Amino acid sequence: MPDVPDEDYRVVLGEESLDWRGLTDAQLERVLAALGDLLEPLADGRKVAFMETAYDTECLPSMTLTDALYSPDGGLPPDERRRLQSLLDKCRMVTAGEDDIPQPVRPGSETEWREPSWGMSHALARAATGRAMSCLVATAEASDGSFSSKWPPGWLSVERCRDTSSDRVNLHVLTEHREAADFWRGVLTREHAPEVEFFRLVDVAFPRLLFADSLRFHHFKGAYVDVLPWLVGFLGLLNDQFPETLELCGGDQKKVQARFKAMKADISPESANTKKNAKAWEQRNVVFGGQSYRCEWHGKRLWDRDRVHFSLPIRAHGDRVLVGIFTGHLST
């Protein structure tokens, strides 16, 4: 599969994640651990950006982030402080511009205006240009020990105050690591990502699936613009639901099909006739990592075309499912 890096970041760390005032020592340690876990898979120098202004954020009483990270008496647990230093060093540093100056916003259907951070404002400014963006806003721990976020997670329509007018911008808010896959799927569909971008992002958009090197969109009969949204939705269900549904149904194929049908997905195992046809059965074999696996299930966009053949969960690969074949229709 093509692997062309995207050098332009899509995630911005919001300074809302850096407000640790009022937390106990135990709460602070847990919140920092949660923030680190959220940043860890993203902080590779490309995926996530960090505003230079964030170092002036008051994250502890009368203490900026710079003081907290680099002063001997910064007040952060040593291990978590070193981890956060390392992760922030791997983020792309961004100097704020005129478009990034925070102005009041209203997320979703909220009626009250609120002041966003520089990071949130920067993410909104980039999203306004048509680029799918996410703002990382780690959850905070309340006095009762529960975790919450000042921003609702997922895709939001955010109204921005723009001097004498306002506009609406679609933005993703990332509060937990498990929400990241939804964002990357949104990148694919909202930007009508080209094929090279699709294959570059499949590992983060569908982390519980494996993808054969031979996959190509031209193997489908349908046009790319028609296949892409269906494929992203289908692979999302396969990633999120297939292994658990198999286990829940005790391997009963009819029950698995019925549950996916209720989710508007048409999947089925190969028929007995196909299994008896040695030549047709061989077409379902796919080599991955030097081993051959049989992609004996398939999902289809239309009854007569555009199929995705996939395997049962593979134990040697952490029970991930191999997506092995994109095709119009195989022999039966």
What number, rounded to the nearest 500 deg cm²/dmol, is the helix-based mean residue ellipticity at 222 nm of the chain, given -39500 (n - 2.57) per DSSP H run of at least four residues and division by all its residues?
-10000 deg cm²/dmol
Place a +1 charge on the Cβ of each Lys and Arg in region 147-269 and a -1 charge on the Cβ of each Asp and Glu, then give the dipole magnitude about the Cα centre in debye, rounded to the nearest 20.
280 debye
Quick one: among ALA205, ALA68, ALA132, which has the greatest mean-square fluctuation in a GNM of the chain with alpha-carbon springs under 10 angstrom?
ALA68
About the Cα centre of the chain, what is the dipole size in debye to 20, counting +1 per Lys and Arg Cβ and -1 per Asp and Glu Cβ, all else neutral?
2220 debye
Cα axis of helix 78-90 to longest principal axis of the chain: angle in degrees, 0 to 90, nearest 10?
70 degrees
Roughly how many whole Å is it from the C-alpha centroid of region 202-244 to that of region 36-91?
36 Å
Where THR164, THR332, THR175, THR189 fall by accessible area, highest first, once all protein chains stay in place (1.4 Å)
THR164, THR332, THR189, THR175
Let me know the charge dipole size of region 1-114 about its Cα centre in debye, to the nearest 20, where only the beta-carbon of Lys, Arg (+1) and Asp, Glu (-1) is charged.
220 debye
Measuring with a 1.4 Å probe in the full set of protein chains, what accessible area per residue, in whole Å², belongs to the chain?
48 Å²
Run the simple label-point estimate for LYS254 and LEU69 please: 7 Å along Cα→C-beta, distance reported in nm.
6.0 nm
Name the residue farthest towards the positive end of the dipole of region 131-262 from the options THR245, VAL256, HIS172, assuming +1 on Cβ of Lys and Arg, -1 on Cβ of Asp and Glu, about the Cα centre.
VAL256
Could you name the lysines whose alpha carbon sits less than 20 Å from that of LYS261, not counting residues in the same chain fewer than 8 places away?
LYS300
Nearest 0.05, what FRET efficiency do ASP99 and GLU191 give at R0 = 22 Å with Cβ-Cβ as r?
0.65
Of the candidates GLY14, GLY251, GLY222, which one comes out as most mobile in a Gaussian network treatment of the chain with C-alpha springs shorter than 10 Å?
GLY251
Of the accessible area of the chain, computed with a 1.4 Å probe and all protein chains kept, carbon and sulfur make up a percent value of 49 percent
Among (1) 19.9; (2) 19.4; (3) 22.1, which one is Kirkwood radius over Cα pairs in Å computed from these coordinates?
(3)
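The values are calculated or read from the model by the stated rules, or taken from the named source; none is laboratory data. Since the structure is predicted, the reported quantities are computational estimates derived from the model, not experimental observations. Don't worry about glycine lacking a Cβ; one is built from the backbone with ideal geometry, like all the others, and counts go over all protein chains shown. Side chains are part of the model used for accessible areas, which takes the heavy atoms of the whole protein and leaves out ligands, DNA and RNA. Shrake-Rupley method; radii C 1.70, N 1.55, O 1.52, S 1.80 Å.
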